[in-house]
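Colleague: Pasting in a structure now, in structure tokens, and then I'll have a few things to ask.
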Amino acid sequence: MVPTAAPPPLPASPLPSPSLAEIDRSTLPVTCKATDYAAGTRTDHHAHPHHHQLIYAVHGVMVVLSAGGQWIVPPTRAIWMPAGTTHQVRHLGEVRMRSLFVRPDAAPLLADRPQVVGISSLLRELIQAAMAVPIPYAADSRGGRLMRLLLDELHALPVLPMHLPNPTDARLKRICTHIDRHPDDASTLDDWARRVDVNVKTLQRLFVRDTGMNFGRWRQQARLLRALQQLAQGEKVIDVALALGYDSPGAFATMFKRQFGQTPSGFFR
């Protein structure tokens, strides 16, 4: 069972956060912003044209959506959102977000596509410390040196398999929408080929073309990401496993560990 004990209280940001308008005008290499969100809220679709964003929640789980798909971002992980990428963030439970806004010219080698990344203990502490740096800061000040160290750490972030790509083909959208709503449906690709009146080999090629995955891999990823959402909200492993169509909690835990390198309970610990 996933632990459900309340997390220890987290220190509040010691300084007022800059507004998004102030961040947009900033010429600093890195600007930090702390924002807390109530459970069940979401942001509007938006983009930051002049800054990359590292979206990190010190508490709570986020679902991030864009035209390219969706990502599940549990605690201790973050999502890298390149400048200009339109996205929306849903907050599962209370979310305490700490964002880094990075000017592209300050780190030209960072990723140019959204991706979920791991947050090391060092980077977590650096982010917390950066929230206390007065804005603006001088390049040769302690704050400036701290931000340069943050930039160095951003180049070493491990990428995690939390992405579920969206198809563009109308027939695939029908299939994927159904799986999203009914993740326990065990219909095979042959079953779906008959329903959408497409040759099974053609349907498989469409899946690979549109999502980079075959049908089985996409459905497995959809189930695992749904599992992350449910586990993050405190549901029992056995209930999640059965709701997603697995024969037993053991079969689900094996698949989960194969994908994420940890058991479901260990992942959120």
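Coordinate-derived values only; no laboratory data. Because the structure is predicted, anything quoted here is derived from the model rather than measured. Quick reminder, even Gly has a Cβ in these numbers, built from the backbone with ideal geometry, and neighbours come from all protein chains shown.
Colleague: Checking a compactness column here: for the stretch 167-267, what do you get for Rg(Cα) / (2.2 N^0.38 Å), N being the number of residues?
Modeller: The value comes to 1.13.
Colleague: Oh, and also: Fewest Cβ neighbours within 10 Å first, please rank 203, 146 accordingly.
Modeller: The order, fewest Cβ neighbours first, is 146, 203.
Colleague: Per 10 Å bin from zero, what fraction in whole % of the C-alpha pairs of the chain is there, up to the bin with the longest pair?
Modeller: Using 10 Å bins, I get a P(r) of 6, 27, 32, 21, 10, 3, 0 for the chain.
Colleague: While we're here: How high is the relative contact order of the stretch 28-160, in percent, counting Cα pairs under 8 Å that sit 6 or more residues apart?
Modeller: On the way: 277 pairs, mean separation 39.7, N = 133.
Relative contact order for the stretch 28-160 comes out at 30 percent.
Colleague: Amide H to amide H, which residues 5 or more places from residue 115 or on other chains are under 5 Å from it, using H placed in the peptide plane?
Modeller: For residue 115, whose amide H was placed from the backbone, the distant partners under 5 Å are 80.
Colleague: Give a residue-ordered list of calculated ³J(HN,Hα) values for the stretch 77-89 (Karplus: 6.51 cos²θ - 1.76 cosθ + 1.60, θ = phi - 60°; whole Hz; x for Gly, Pro).
Modeller: 10, 8, 10, 8, 10, x, 3, x, 7, 6, 8, 9, 10
Colleague: While we're on this one: Can you tell me, using C-alpha contacts under 8 Å and at least 6 residues apart, the relative contact order of the chain as a whole percent?
Modeller: This gives 20 percent for the chain.
Colleague: Straight-line reach from residue 257: which lysines have a Cα under 18 Å away, not including same-chain ones fewer than 8 places off?
Modeller: List returned: 236.
Colleague: Right, something else. Relative to the longest principal axis of the chain, what angle (0 to 90°, nearest 10) does the C-alpha long axis of helix 249-260 take?
Modeller: The angle comes out near 50 degrees.
Colleague: Please give the calculated 222 nm ellipticity per residue for the chain, where each DSSP H segment of at least 4 residues contributes -39500 (n - 2.57) and the sum is spread over every residue; nearest 500 deg cm²/dmol?
Modeller: Calculated mean residue ellipticity at 222 nm is -11000 deg cm²/dmol.
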